[in-house]
Each structure stands twice: as structure tokens, then as C-alpha cells.
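Scroll down for the structure; my scribbles are underneath it.
The values are calculated or read from the model by the stated rules, or taken from the named source; none is laboratory data. These numbers come from a predicted model, not from an experiment. Please note: Cβ atoms are built from the backbone with ideal geometry, for glycine as well, and neighbour counts cover all protein chains shown.
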Amino acid sequence: MLSVDFTSRSAWIFDLDGTLTRAIHDFDALRDRLGLPRGAPILETVATLGDEASQLAQAELQAWETDLAHRAVARPSAATLLAHLQARGCRLGVLTRNLGALAITTLEEAGLAHFFDPEAVLGRDDAEPKPSPEGIRILLDRWGANPTDAVMVGDYLFDLLSGRAAGTATVLLDLRGKPDWHTHADRVVRQLDELLINEP
């Protein structure tokens with residue numbers, strides 16, 4: 001991990017499910033439901049299925065995501081951190097592997113939508129999904145911000161890889177105890193409000 005002055009960063013991009021909201025997604029149960037191997041990346045694996053099987057899997061995936069979006073609850077201290085960053089004049093965005101419209105629904109249900117311009121909430125239908133850096137680059141272009149001004153915050157390896165590829169600082173919300181992911185993060189926290197502390 002590198003020493004990064006997060007207080008000077010003015011563009012903050014967050015993963016959504018499990019980062020800004022409580023983790024209620026059982027991805028292994030979904031893989032079982034879709035007949036996918038345990039541990040396989042869901043979006044990428046579904047895309048390799050035959051046309052009919054892929055369409056059926058995508059429809060089931062969207063129904064599952066829709067149900068969870070309507071049950072979203074904000075993670076403790078998410079609103080505190082977002083309010084602090086907003087008060088500092090920071091740009092705030094969301095980059096998720098979910099669909100963009102469902103990301104908006106999730107933010108609304110969690111009481112966090114007012115922190116984000118809808119155009120700063122990107123899903124897999126707006127940009128190539130993480131670990132691709134495309135979504136981060138789109139947001140930075142819209143904001144006229146440089147990667148050196150930005151932070152990518154997430155709870156999963158793909159969040160960190162997308163940030164690294166885009167040239168931003170990275171923060172891991174470590175809820176899974178995955179120390180091998182720490183090498184991809186400039187800072188590791190267990191709660192979002194730890195980012196209110198100036199020193200890494």
C-alpha cells in the first residue's frame with residue numbers, strides 16, 4: 001500500500017452493492033440457480049452461454065437484481081462519508097456491475113440517491129463492466145478530472161483492478177478478510193467512516 005493524501009482527492013467513485021449498501025447478495029446461490037461454476041464471474045460466464053441460455057440467464061439475473069434493489073439498506077456511515085465529501089465539494093459517482101436503472105433504485109431505497117447526479121451513476125449497460133477501467137474514465141471525462149484527483153472505493157477485487165487500470169487511488173472496504181487483495185489497495189478500511197481520518 002502506498003501513502004496517499006486522500007484529503008486532496010476531489011473525485012470519488014464508489015462500488016454500490018456491499019460498499020455503499022449492506023451486502024445481501026448471495027452470489028454463490030445465484031451461480032447455483034443459473035447453473036454456473038462456483039467462483040466464476042457471473043456476467044462474463046453468462047455471456048459465453050448459447051443465445052437462448054444466455055437470454056434466459058440474463059432475465060433471471062435481472063429479476064434477482066431487481067428484487068435485491070428494492071431491499072437495499074445503506075451501509076453504516078455511508079451517508080456520513082458522502083455528506084462529508086459533498087460538503088468538501090467533491091464529485092461523487094457510482095460504478096457498478098449492476099444495471100444503471102437498478103443502481104438508481106438501489107440508491108433511492110437506501111436513502112443515498114440525493115448524493116449523486118444520475119449521470120454519475122454507471123452500470124454495466126453504460127460502460128464495460130469492472131474490472132475494466134472504462135466506467136471510471138467516462139466519469140472522469142464528464143467531470144474534467146484527472147486520475148490523480150480520483151479515488152475508487154469498493155469491497156471486491158474488480159473494484160481495485162479497475163481503479164488501478166484507470167490510474168486512481170484505491171480503497172478496499174475489507175469485509176471478506178482477503179489479505180491478497182490488499183496489494184491492490186492504497187488504503188484498507190473496515191468501515192467507510194475510517195476515510196474521514198486524514199492519515200492512512
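Applying the criterion of being at pLDDT 95 or above and on the phi > 0 side of the Ramachandran plot to the residues of the range 140-190, the residue that is nearest to the chain's Cα centre (by Cα) is Gly167.
Between Arg142, Arg75, Arg124, the distinction of being crowded, with 20+ Cβ neighbours inside 10 Å and of a type in the set (D, E, K, R) belongs to Arg75 only.
In summary, Asp15 fulfils each of the numbered conditions (1) closer than 26 Å to Val188 by Cβ; (2) acidic (Asp, Glu); (3) loosely packed, with under 15 Cβ neighbours inside 10 Å with the single exception of condition (3).
Within the range 1-12, being of a type outside the set (A, V, I, L, M), in contact with a strand residue (DSSP E or B) (Cβ under 7 Å, 6 or more places away or on another chain) and either within 19 Å of His184 (Cβ to Cβ) or crowded, with 17+ Cβ neighbours inside 10 Å (or both) holds for Phe6, Arg9, Trp12.
Applying the set (1) under 23 Å from Met152 (Cβ atoms); (2) modelled with pLDDT under 80; (3) aliphatic (A, V, I, L, M) to Ile24 leaves exactly one unmet item: (2).
Checking each residue in the range 75-86 for being assigned to a helix (DSSP H, G or I) and either among the hydroxyl-bearing types (Ser, Thr, Tyr) or in contact with a His (Cβ under 8 Å, 6 or more places away or on another chain) (or both) picks out only Thr80. Inspection of the range 84-101 finds a residue satisfying the criterion of being more than 26 Å from Ala165 (Cα to Cα) and surrounded by 13 or more Cβ atoms within 10 Å (Cβ to Cβ).
Only one of the numbered conditions (1) over 24 Å from Glu44 (Cα atoms); (2) in contact with a His (Cβ under 7 Å, 6 or more places away or on another chain) is not met by Leu107, and that is (2).
Per the conditions (1) surrounded by 13 or more Cβ atoms within 10 Å (Cβ to Cβ); (2) farther than 28 Å from Gly167 by Cβ; (3) aliphatic (A, V, I, L, M), the sole criterion not satisfied by Ile24 is (1).
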